[in-house]
Amino acid sequence: MSTNDKPPTRDTGEPTAPPAVDVVMIYATFPDRQAALALGREMVEQGLAGCINVLPSMTSVYVWKGETETAEEAVLIAKLAREGADRAVAHIIANHPYETPAVLVIPVMGGSSDYLTWIMNGTQRV
């Protein structure tokens, strides 16, 4: 079992995890599932994120260059150590197909202590 496999047991609820404020989520939209999955997989393999999720379909409505647009997009949600957020955001922006990608860092206020520890262990902190 690799060090980034999900824990085999249920969360004990013990306060053994790092504080939740040490973990963040990055929300980013992509033109399609394949683009989100490819970049997300790269992030996990490079240690930029402990885990990613791809929501394959959602509809966005926004104003772009003075026109109201509607687009089908995919969502990437990356979970990682807070201290790696700037590096992960820079990686997403540098490799994103959009001119101005939606990339938001969202603080995690709490959660399963085992899961938070697992995310921290799966993220390379530089």
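The values are calculated or read from the model by the stated rules, or taken from the named source; none is laboratory data. Computed from a predicted structure; not experimentally measured. Counting neighbours? That spans all protein chains shown, and the Cβs are built from the backbone with ideal geometry, glycine included. Heavy atoms of the whole protein, side chains included, go into the accessibility calculation; ligands, DNA and RNA do not. Shrake-Rupley method; radii C 1.70, N 1.55, O 1.52, S 1.80 Å.
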Checklist entry - Cβ-Cβ below 8 Å, separation at least six or inter-chain, first residue in segment 92-104 and farther than 13 Å from Ala71 by Cβ, second charged (D, E, K, R): which pairs? => result Asn95/Glu42
Item to check | Considering residues of segment 43-98 that are closer than 15 Å to Tyr27 by Cβ and hydroxyl-bearing (Ser, Thr, Tyr) only, the residue least open to solvent (accessible area, probe 1.4 Å) | outcome: Ser60
Item to check | Hits in segment 101-126 - residues which are surrounded by fewer than 20 Cβ atoms within 10 Å (Cβ to Cβ) and either closer than 14 Å to Tyr27 by Cα or in contact with a Leu (Cβ under 6 Å, 6 or more places away or on another chain) (or both) | outcome: Pro101, Ala102, Val103, Leu104, Val105, Ile106, Pro107, Val108
Checklist outcome for this item: Log entry, pairs with first residue in segment 43-69 being more than 20 Å from Arg33 (Cβ to Cβ), second being surrounded by 11 or more Cβ atoms within 10 Å (Cβ to Cβ) and modelled with pLDDT of 95 or more, beta carbons closer than 7 Å, six or more apart or on different chains, reads Gly50/Lys79; Gly50/Leu80
